[in-house]
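Presented below is the structure to which this report refers.
Derivation of every value follows stated rules applied to the coordinates shown; laboratory data play no part. These numbers were taken from a predicted model, which means no experiment stands behind them. Backbone-built Cβ (ideal geometry, glycine too); neighbour counts: all protein chains shown.
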Amino acid sequence: ELLHEQPPRPLNPEAASIDHMLEAIARALQADFAPICGFAIDRVTKAKTARTGMLENERAFAVEGNELVVSASVLQELLRVSDDAEVQRALGVMYVVHELVHDVQGVAEKRDVSRVRFAGAESALMHIDLGADHLAAMTATAVFPGWDLLWLEGSHHHHSPPPPSLSASASAFAKRSFVGSRATACW
């Protein structure tokens, strides 16, 4: 009688989860889909692969050649939002797309956000953020058809809220990552 070998279990489940997030992010980077509300990933970056790295100035990402380097600490924090692997992948993809949109909007750097706040335009920042959330959700459904908008909006309800130890930016993103995703048209 032959025994089927079980695949080896990862020594570090967090590393395996980050790898799955990075695979999903790379798939989004490589996807070929029509622009959504004028946004298309390939118009923003030529990166086709993704890896984690330590980034300066609280940057969410950097492009190095054909590679998108994503903040390792933010992905680790997003893993703590849910223990569901598919939710983790969705959060990773939407986080990266959200930050790519902010780059196009001109508010990717913390100092850019501070300038807008200093000018007294807090409500403008809210609209900018909601627009990035909307495009992230729409892009995620274009790349992963199984992630429909209702699932993206509802999946976070089955999991506990982000732990208080999350950084302010990761926590804010995770809390509202599905806000406005029911909208299906560009405004």
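Listed by Cβ neighbour count within 10 Å, with the fewest neighbours leading, Arg51, Arg117 appear as Arg117, Arg51.
By other beta-carbon atoms within 10 Å, ranking Leu79, Leu125, Leu91 with the fewest at the front produces Leu125, Leu79, Leu91.
Could you put Ser82, Ser114 in order, starting from the residue whose Cβ has the fewest other Cβ atoms within 10 Å?
Working: Ser82 19, Ser114 11.
Exposure proxy ranking, most exposed first: Ser114, Ser82.
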